[in-house]
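Asker: Before anything else, here's the structure in question.
Read-outs: derived from the displayed coordinates by stated rules, not from any lab. For clarity, every value in this text was computed on a predicted model and none was experimentally measured. As a convention, Cβ positions derive from the backbone with ideal geometry for all residues, glycine included, and neighbour counts pool all protein chains shown.
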Amino acid sequence: MDTNIQNSYNEAKKLYEKHGVDVEDVLERLSRIKISLHCWQGDDVRGFLNKGQELSGGIAVTGSYPGRAGTPDQLRQDLEKAFEFIPGQHKVNLHAIYADTEEHIDLDELEPRHFENWVSWAKEKGYGLDFNPTCFSHDKAKDGFTLSHSNPEIREFWIKHCKASRKIAESFGRELGQPCVTNFWIPDGYKDTPVDRMSPRVRLMESLDDIFSEPISEEYNIDAVESKLFGIGSESYVVGSHEFYMGYALTRGKTLCFDSGHFHPTETISNKLSSWLLFGDQLLLHVSRPVRWDSDHVVTMDDELLDIARELVRGELLDKTHIGLDFFDGSINHVAAWVIGTRNTLKALLRAMLEPVDKLKEIELEGDFTSRLALVEEFKSYPFGAIWDYYCSKADTPVREDWLAEVKHYEKEVLFKR
C-alpha cells in the first residue's frame, strides 16, 4: 500500500477514534454491504429477448454514447470491468428481457434454463443476482396497462410472466446461495384523469394475489413491489401508487421498494424509511437521482443520498435493507456510470458509518440541540476521504480518480470498436 495513503488513514483514524468511532469495524461492516448493479445501464434498457422492440411504459433513455453492450457476453464483460473499480463483493440486477437464449420465446414462456449462462457467470465471479419481470416494451403493453388490464387475456399473459419470473429468481437464489430480490414494477396508468380509479386497482390486487399464490421460501427469493407517482403516458393516474403498494406489502407480507425518483419532485424518501421498517420486515431501495422528474440520472453524492445513508445507519436499518441502483444515462460512458453511481453510494454509507451515532443520540436525548447541530456540521468536513482511499487500496481497487484512466483505456480498446 502507498505510504501516503497509509499515513493519511492513520491520522484520520485517530480523529474519528477520538469520538469513539471504531474505524476498522466500520470498514468491516461496509465490506459486507452488497449493492445490486442494474444491468440495463449497460445497454440503454434494450435487452436481448426481443431485439428491436421500442421502449415503452414511460421509459426513455437519452443520449447515444458509443459502446453500449449488444450481446449478453458484452454486457457481462462490461459489468466485470465496472466491478474492478468498485470495492466489495456485490450483485447484478437482471430484467427478464436480458435472457441469454437463442430460442424465439415470449415473456410468459421464460424458464430458469434461459438464464443458465448468467448463473454460471455469477457463480464463477462470486456475484449475487436479483431479478425483475419486464412489464413494458411489449406488444401486450402498448396501451399502457399490464397486470391491471381490463382484458382478462392480456392480464393473464402478464400474470404468467410474473409467475415465471419468481421461479427464475428462486433458481438464482438456490444456485448462488443467497436470496434473489425480485422487484415488481408495472407502468399501468392514464395520461389524463380517469373516471374509475378503483377498478384497475382491484384488478392489480387480484393479479398480484394470483402471482404470489405459490409459496417460495425467502431463503431463495424475496418479493418486492414498487410504486410510482407518475410517468410519461401516466401523468394523471398510476394504478400502483405508493399508498396502494404500501397497503399491499403490509397486508401480504411483501417487501416495499422505495425508488428515490418515484415521488413528488420536492419529496424525499429518506424520511420514509424508518416509518416503513417500523411495520414492514424488509426494504428495497432503488437509488437514483431525479432532476425535476423521474429522469434517472447517475447517482451523485448529493444531500438526499447522504440523508438516505444516514437514516439507514442511524436507525440501524441496514440489515433489513436491500440496495440497488436504478438509472440509465446514454449520454456518457456506460461503464463509468456504474462506477460513479456505486462508488458514491458506498461513500455515502461510509460517511454515515463514521459518525459517532451513539454520542449524537445521547446529546439529542439530553436536549442539547446546540451541540447536536455543531457536531453534525463539523463531521461533514472530517477526512472520510482518507478512510475511503485506504478501503479502496486494501481491496486492490483504484484510489480516487485513478479508475477513470482505466475506463478510458477500455473505452478505446473495447467499447469504441463495437
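Asker: Sorted from fewest to most neighbouring beta carbons within 10 Å, what does the list Ser36, Ser64 look like? Intermediate results must be reported in sequence, preceding the final value.
Answerer: Numbers: Ser36 27, Ser64 9.
Ordered from fewest to most neighbouring Cβ atoms within 10 Å, Ser36, Ser64 come out as Ser64, Ser36.
Asker: Near Lys412, which lysines are there with a Cα under 22 Å away, not counting those fewer than 8 places off in the same chain?
Answerer: Lys81
Asker: Does anyone have the angle between helix 3-17 and the longest principal axis of the chain? Alpha-carbon axes, 0 to 90°, nearest 10?
Answerer: 90 degrees
Asker: Let me ask something additional. Determine the calculated [θ] at 222 nm for the chain from helices alone, applying -39500 (n - 2.57) to every DSSP H run no shorter than 4 residues and normalising by the residue count; nearest 500 deg cm²/dmol. Could the numbers behind the result be given before it?
Answerer: Details: 14 runs with 176 residues, N = 418.
It lands at -13000 deg cm²/dmol.
Asker: For Val195, Val298, which order do you get if you count the other beta carbons within 10 Å of each Cβ and list the fewest first?
Answerer: Working: Val195 6, Val298 20.
Lowest to highest Cβ neighbour count: Val195, Val298.
Asker: In degrees, nearest 10, range 0 to 90: what is the angle between the Cα axis of helix 384-394 and the longest Cα principal axis of the chain?
Answerer: The angle comes out near 70 degrees.
Asker: Percent antiparallel among DSSP beta bridges with both residues in the chain, to the nearest 5? Present the calculation step by step, with values, prior to reporting the outcome.
Answerer: Numbers: 4 of 32 bridges.
Antiparallel bridges: around 10 percent, rounded to the nearest 5.
Asker: Within a 10 angstrom radius of the beta carbon, how do Ile186, Ile35 rank from fewest other beta carbons to most? The partial results should precede the final answer.
Answerer: Values: Ile186 27, Ile35 24.
So the residues, fewest neighbours to most, are Ile35, Ile186.
Asker: Tell me the Rg and the Dmax, in Å, that the Cα atoms of the chain produce.
Answerer: 21.7, 68
Asker: If you don't mind, there's one more thing I want to ask. Would you mind working out the magnitude of the charge dipole of the chain relative to its Cα centre, with +1 at each Lys and Arg C-beta and -1 at each Asp and Glu C-beta, to the nearest 20 Debye?
Answerer: Working: 49 positive and 72 negative charges, 63 e Å.
Roughly 300 debye, rounded to the nearest 20.
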